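Each value in this text was obtained by applying a stated rule to the coordinates, not by laboratory testing. Since the structure is predicted, the reported quantities are computational estimates derived from the model, not experimental observations. Reconstructed Cβ throughout: ideal geometry from the backbone, glycine too, with neighbour counts over all protein chains shown.
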Amino acid sequence: MKNYWQTARAVRVLPYDPTWKEAFEKEEKRLNRIFGKTARGIHHIGSTSVEGLNAKPIIDILIEVANMENADRCTEEMGMAGYTAKGENGIPGRRYFYKGEGNERSHHVHVFEEGSDQVITHLAFRDYLRKHPEEKRRYAALKEQLAVAYPKDIDSYIQGKTNFVEELTQKALSWAKEQSRHAN
């Protein structure tokens, strides 16, 4: 049996790397081939999608689909592309996949029906950080602090971000609503 240190995912928060955008674009092409017309949108989300933000070097991708049943038909092909399917994995209405094990984890894919609250929230959070450099700096500082405090404990790292992320999410959703009002 492997011990904890051989199976645990280390918490590595790295300075922003412009190759993350390229890694997303490469994977986006692969996912477009897999999902085809089922995909209504493929978005780079998470910290690697925010230029200048320190992040765990894992590319988070959100795929919007018109119909989850059609998306479920892509599960086998996702497996052939190196992804592990985890079903909803704690979020109703989501299909979650990851690529790579342990510290070799490279991608997370979150599939939601288009227009869902999860899609709106993820995109608002990303866009808010892109437009608010002070919030981005605050978030980066917290992530660095937590990575130092919990270098081998991903669960504590994530828990340490929870309150800040919830607060930031509410700001992002309010901001996004205001932006859409001004756009109309």
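Projected label points at residue 138 and residue 26, each 7 Å from Cα along the beta carbon direction, are separated by 3.6 nanometres. Taking 132, 108, 122 as the candidate residues, the one with maximal mean-square fluctuation in a Gaussian network model of the chain, Cα springs under 10 Å, is 132. The DSSP beta bridges internal to the chain are antiparallel in roughly 70% of cases.
Simple point charges give the picture: +1 on the Cβ of Lys and Arg, -1 on the Cβ of Asp and Glu, and for region 1-106 a dipole about the Cα centre of about 160 debye. Please report, to two decimal places, log10 I(q)/I(0) for the chain at q = 0.14, 0.18, 0.19 Å⁻¹ as given by the Debye formula with identical point scatterers on the Cα atoms and no solvent. Cα-only, vacuum Debye calculation for the chain: -0.84, -1.35, -1.46. For the pair residue 86 and residue 104 in one chain, pulling the backbone fully straight at 0.36 nm per residue adds 4.7 nm over the alpha carbon distance. Count the lysine pairs in region 1-110 that are 8 or more places apart or on different chains: how many have C-alpha atoms under 27 angstrom apart? Taking the Cα cut-off of 27 Å, the pair count is 21.
Nearest 0.05, what FRET efficiency do residue 182 and residue 120 give at R0 = 25 Å with Cβ-Cβ as r? According to the calculation, E is roughly 0.90. Place +1 on the Cβ of every Lys and Arg and -1 on the Cβ of every Asp and Glu in region 1-151, take the dipole about the Cα centre, and give the residue among 147, 19, 66 whose Cα lies farthest towards its positive end. Of the candidates, 147 comes out farthest on the positive side. Amide H to amide H, with H built 1.01 Å from N, residue 45 comes under 5 Å of 60, 61, 62, counting only residues 5 or more places away or on other chains. In this rough spin-label picture, where each label sits 7 Å from Cα along the Cβ direction, the residue 154-residue 75 distance is 2.1 nm.
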